[in-house]
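Data block below; observations after.
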Amino acid sequence: MQLFTMLYKKLLTLYPRGFRERLEGSMQQTFNDLYKEREQHPEHESFSFVFWMFSKTFIGIIREHILLMKQESIMKAILSNPTSTAITSFILCLPLAVPYVIIVSDMQPLIQPLKNLLTTDGQQINTLGRIVFFGGLILLPVAFLLNLQPILIREGPDQKRTFPTVNLIVGGIILLLITFTWGALLVEEIYCLQGIRCD
């Protein structure tokens, strides 16, 4: 219970400040009450409830940030708010990151539907697969640069830079994705140029 409560409280910090100040306490209390209620009924699975609550909350966070961006100038809101920048960068990484994680971690129930979606015969990549692959390769550096914007902005009278934790974490994840995807592509091309293996 303590772990899930702490993680949920951390998740709530991703909401925009105004929304968080108004509703964070009541949302935390609702989560605690519903979780305690689930613990009293062992026939209900706690993990599925926690997953559902975290998913619903994450979707709510994205929705609130989108509403916040609609109220302000979109680019100004994205570039000035570190959390919005991090969430936008993370969303830009998803088209390539999700298939990559599914394939690398060998998630058997998801691999076959993914192959059917992105390839013609399980081997040859189709048009959608090319769009996802090459589009994702282009979006990764864009997401990384977008994520750096709040770090590059100097604030205050002494013009100091701030290093928001959320941007550092998302930036590190994006940099790892760039390293693994672009690195694997480069290694594959080197093998192909040497005549060892061409896929």
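The values are calculated or read from the model by the stated rules, or taken from the named source; none is laboratory data. Everything quoted here is computed from the prediction, not taken from an experiment. So basically every Cβ, Gly included, is an ideal-geometry build from the backbone, and we count neighbours across all protein chains shown.
Checked against (1) more than 19 Å from PRO99 (Cβ to Cβ); (2) touching a Phe, Trp or Tyr at 6+ places or on another chain (Cβ under 6 Å), GLN159 passes all but condition (2).
Each row is one residue, and each column tells you yes or no for (1) of a type in the set (Phe, Trp, Tyr); (2) touching a residue at least 12 places away in the same chain (Cβ under 8 Å); (3) in the same structural domain as THR85 (by TED's automatic domain parsing); (4) not in a helix (DSSP H, G or I).
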residue	(1), (2), (3), (4)
ASP158	no, no, yes, yes
VAL166	no, yes, yes, no
GLY172	no, no, yes, no
LEU176	no, no, yes, no
GLY183	no, no, yes, no
ILE190	no, no, yes, no
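Taken over region 1-22, residues that are part of a helix (DSSP H, G or I), surrounded by 15 or more Cβ atoms within 10 Å (Cβ to Cβ) and not aromatic (Phe, Trp, Tyr) amount to 3. Of all residues in region 136-177, those satisfying the criterion of being modelled with pLDDT of 85 or more and over 22 Å from THR13 (Cβ atoms) are GLY136, LEU137, ILE138, LEU139, LEU140, PRO141, VAL142, PHE144, LEU145, LEU175, LEU176, LEU177.
The residue pairs whose first member lies in region 25-36 and is more than 12 Å from THR57 (Cβ to Cβ), whose second member is aliphatic (A, V, I, L, M) and not in a helix (DSSP H, G or I), and whose beta carbons are closer than 7 Å, counting only pairs six or more residues apart or on different chains, are TYR35/MET1.
Among the listed residues ASP106, ASP199, identify the single one that is at pLDDT below 80, more than 16 Å from ALA86 (Cβ to Cβ) and among the acidic types (Asp, Glu).
Values: ASP106 fails: at pLDDT below 80.
The match here is ASP199.
The single condition among (1) more than 30 Å from LEU146 (Cβ to Cβ); (2) at pLDDT 85 or above; (3) of a type in the set (Gly, Ala, Ser) that GLY60 does not meet is (1).
If I ask for residues that are within 20 Å of PHE134 (Cβ to Cβ), surrounded by 13 or more Cβ atoms within 10 Å (Cβ to Cβ) and among the aliphatic types (A, V, I, L, M), which ones from region 152-198 would you list? Within region 152-198, ILE174, LEU175, LEU177, ILE178 meet the criteria.
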